[in-house]
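In what follows, a structure is listed as structure tokens, so that the remarks can point back to it.
Here, each number is a calculation from the coordinates, and none is a lab measurement. Predicted model, so just to flag it, every value in this text is computed and none were measured. Heads up, the Cβs are rebuilt from the backbone with ideal geometry, glycines too, and the neighbour counts pull from every protein chain shown.
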Amino acid sequence: MQDRKPLKTRTYVHEPSLFARENLFYVKLAGEYHRVSDYRIERERMESLLVIYVTEGELTVCLGGKLMTAPAGSIVLLDCRRPHSYFSRQPVSLRWVHIQGNAVFAYAAQLRRRMEKCVIEQPDGLACQAFLGLFGLLQADHYLENSVSVAVHRFLGDLLEELQEKEYRPANHIMRAAAYIRENYMKDISVNDVAELHGMSVYHFIRMFGRQYGMPPYEYLTVQRIACAKKLLLFSNQSVKNIAQTCGYQTAAALNHAFQKQLGLSPSAFRAQQRCQNATFNS
């Protein structure tokens, strides 16, 4: 008896009932490819949310004129109402599902708002398990409409929760980084130091910090140092050099440059101006 080689492609076609079309999530088309080479799909429009789970190799996805790479273990989400394509020149294995239903694009919009791109690399175990559970139902001989709808809902819900959690985690990191800057601005710290300390790349840190605080972290650091310098200029007789060192600047020239950029005048001029105004007010 000869061993059968696994099929390179397999497609699952289901015809949902009118009830499913009107009330449930449903899947008309799904499939799996095993180590297919020179694979390419181009599509102008289809009324579905396409989910691709890459299990081996690497898939290149084009959406909105942007190329994205989906390595093994990643999930791709494509709103097929927009023109798109995906391809691989090297052997690639994947499973795909076209999800349809009245609420699917509302889910797609929620997911898209939380995704920087349509590829989710290394999704957590719950989302992957939910997808595999859904796919198992689609492989069965009998299409169970209610079970498939529940499985789709579970998968999309798990994925949305994962993205919301990822959205929350960086916010916590950024808040801690901002607190660190406020508590340590007087030291010789840099944006690179703060990013590394909080486990982020400099690029990601700057982008996420700007999104949360409306300014890049180096500007936030400058704001803390300038606020400290202004207070000391107003309420002490320390020299500009000493104030600069107290507020985290290595030289008076560095403080002077920051002051000129932020306020349009030097620290000495700021001190003289404020004292003159106070004297006028008190006379």
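So how much slack lies between R82 and T69, counting 0.36 nm per residue of separation and subtracting their Cα-Cα distance, in nm?
On the way: separation 13, 0.36 × 13 = 4.68 nm, distance 1.83 nm.
Gain in length upon complete extension: 2.8 nm.
List, in the order given, every pair from K8/K117; K241/K261; K66/K117 whose Cα-Cα distance in the structure shown is over 20 Å.
Values: K8/K117 29 Å; K241/K261 18 Å; K66/K117 9 Å.
Cα-Cα > 20 Å for K8/K117; rest within.
Could you tell me the relative contact order of the chain? Use alpha-carbon pairs under 8 Å, at least six residues apart, and round to a whole percent.
Working: 427 pairs, mean separation 38.9, N = 283.
Reported as a whole number, the value is 14 percent.
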Go ahead and run the numbers for FRET between K8 and C62, Cβ-Cβ distance against an R0 of 25 Å, rounding to 0.05. 0.60
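Rounded, prolate or oblate, given the Cα gyration tensor of the range 219-282, with a/c below 1.5 counting as rounded? Could you put the intermediate results ahead of the total?
Working: a/c = 1.94, a/b = 1.62, b/c = 1.20.
Here the range 219-282 falls in the prolate category.
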Can you list which of the DSSP-assigned H helices in the chain have a Cα extent of 18 Å or more along the long axis and an average Kyte-Doolittle score of at least 1.0? 125-139
Label-point gap, in nm, between A103 and S239 - each point 7 angstrom along Cα→Cβ: 7.1
Please give, to one decimal in nm, the separation of the simple spin-label points placed at R89 and L126, each 7 Å out from Cα toward the Cβ. 4.0
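What is the dipole size for the range 125-197, taken about its Cα centre, with +1 at each Lys and Arg Cβ and -1 at each Asp and Glu Cβ, in debye to the nearest 20? Mind dumping the intermediate values first?
Working: 6 positive and 11 negative charges, 43 e Å.
Computed about the Cα centre, the dipole is about 200 debye.
Ignoring everything except DSSP H segments at least 4 long, calculate the 222 nm mean residue ellipticity for the chain; use -39,500 (n - 2.57) per segment, divide by total residues, nearest 500. Could the numbers behind the result be given before it?
Working: 10 runs with 144 residues, N = 283.
Theoretical 222 nm ellipticity from helices: -16500 deg cm²/dmol.
Q260 to M115: extension gain in nm, 0.36 nm per residue of separation minus the Cα-Cα distance?
Details: separation 145, 0.36 × 145 = 52.20 nm, distance 3.98 nm.
Difference between extended and current length: 48.2 nm.
At R0 = 22 Å, how high is the FRET efficiency between E196 and E219 if r is their beta carbon distance? Nearest 0.05 is fine. If you can, show how the numbers build up before the last one.
Numbers: r = 19 Å, r/R0 = 0.87.
Rounded to the nearest 0.05, the efficiency is 0.70.
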Euclidean distance between Cα centres, the range 217-234 to the range 95-154, Å: 50
For the range 9-123 the mean separation of alpha carbon contacts under 8 Å (6+ apart) over residue count, i.e. relative contact order in percent, is 34
